[in-house]
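Presented below is the structure to which this report refers.
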Amino acid sequence: DVKVTQSSRYLVKRTGEKVFLECVQDMDHENMFWYRQDPGLGLRLIYFSYDVKMKEKGDIPEGYSVSREKKERFSLILESASTNQTSMYLCASSSWTGEQYFGPGTRLTVT
Amino acid sequence: TQLLEQSPQFLSIQEGENLTVYCNSSSVFSSLQWYRQEPGEGPVLLVTVVTGGEVKKLKRLTFQFGDARKDSSLHITAAQPGDTGLYLCAGGETSYDKVIFGPGTSLSVIP
């Protein structure tokens, strides 16, 4: 059974803190993605990666960075968390077919 | 810029009723996927359609890809409370491309 796991289901951080969200997939997929999901705004792509050490900006990369040192792991970093980054963060991986497999999500609250 | 529109945005029906939700675009997609997302969880892939005019069935769910590969529909027969969730369509220009997600249709099936 395919599996994408995320390091935390719920996270509460203070403004200005550095936040790491980790995602691991066990399907040997080349492609990995980070989205945020907000009511009324849908799924928005933050960053994606087609290969190890490669990254591409999505639609809303500002305030975020990513790291992909190993094929199975894709990390999202909030360098200095702000309240407007309170959101549901979803990681996904995909094969060459483009079908995406999502993790359970991390609900991040920045106070 | 590719955009996917979904209608209706919200749908509340009684158990046992039939319903259809739509996904439309002005762009041509190489494939289109449907996902269902339950509250607090990540989206789960239901089906992928790749050929214009293709029809796929998944138990009580019927998916159709438009002849021109610009639109798709999801029909649910005899809806059940377990069908409640957010239904997302997503399309990609090529197999290797990042997909574009629609805003979703939020379905509530009342017992």
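Where a number appears in this text, it was derived from the coordinates with a stated rule and is not lab data. None of the values given here were measured: they were computed from a predicted structure. Quick reminder, even Gly has a Cβ in these numbers, built from the backbone with ideal geometry, and neighbours come from all protein chains shown.
Figures for the structure shown
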{"item": "Exercise: per-residue mean of other protein chain Cβ atoms within 10 Å, A:99-105", "result": "6"}
{"item": "Extreme residue, positive dipole direction of region A:51-111, given options A:104, A:85, A:63 (C-beta unit charges)", "result": "A:104"}
{"item": "Student exercise, the protein assembly as shown dipole from Lys, Arg, Asp, Glu Cβ charges, in Debye to nearest 20", "result": "380 debye"}
{"item": "10 Å Cβ neighbours from other chains, averaged over peptide B:34-43", "result": "5"}
{"item": "Chain B: most fluctuating residue of B:73, B:31, B:12 per GNM, C-alpha cutoff 10 Å", "result": "B:12"}
{"item": "Residue with peak Gaussian network fluctuation, chain B [Cα springs, cutoff 10 Å], from B:59, B:98, B:70", "result": "B:59"}
{"item": "Convex hull volume per residue for region B:1-82, taking Cα atoms only, in Å³", "result": "104 Å³"}
{"item": "Lys/Arg +1, Asp/Glu -1 at C-beta; chain B dipole; positive extreme among B:14, B:55, B:109", "result": "B:55"}
{"item": "Candidates B:80, B:14, B:37: whichever shows maximal mean-square fluctuation once chain B is modelled as a Gaussian network with Cα springs under 10 Å", "result": "B:14"}
{"item": "Reachable aspartates and glutamates from residue B:59, criterion Cα separation under 19 angstrom, eight or more residues apart if same chain", "result": "B:15, B:17, B:38, B:83"}
{"item": "Residue exposure sequence - B:61, A:21 - by fewest surrounding Cβ within 10 Å", "result": "B:61, A:21"}
{"item": "Percentage, to the nearest whole number, of Cα pairs in chain A over 24 Å apart", "result": "17 percent"}
{"item": "Vicinal HN-Hα couplings computed from phi for region A:44-56 (Karplus, 6.51 cos²θ - 1.76 cosθ + 1.60; Hz; Gly/Pro x)", "result": "10, 7, 8, 8, 9, 9, 9, 6, 4, 6, 10, 8, 9"}
{"item": "Karplus 3J(HN,Hα) series, Hz, for region B:49-58 with 6.51 cos²θ - 1.76 cosθ + 1.60 (x for Gly, Pro)", "result": "10, 10, 10, x, x, 5, 10, 10, 10, 9"}
{"item": "Likely footprinting exposure, A:47, A:101, fewest C-beta neighbours within 10 Å first", "result": "A:101, A:47"}
{"item": "Potential lengthening between residue B:20 and residue B:38 on full extension [0.36 nm per residue; Cα-Cα distance subtracted]", "result": "4.6 nm"}
{"item": "Candidate lysines - alpha carbon under 26 Å from residue B:98, same-chain residues fewer than 8 apart omitted", "result": "A:3, A:53, A:55, A:57, A:70, A:71, B:56, B:57, B:70"}
{"item": "Antiparallel bridges, percent of DSSP beta bridges restricted to chain B (to nearest 5)", "result": "90 percent"}
{"item": "Over chain B, relative contact order from alpha-carbon pairs under 8 Å, at least 6 apart, %", "result": "37 percent"}
{"item": "Cleavage-rule hits, GluC sites (Glu not before Pro), region A:32-73, DSSP coil, Cβ neighbours within 10 Å at most 11", "result": "A:62"}
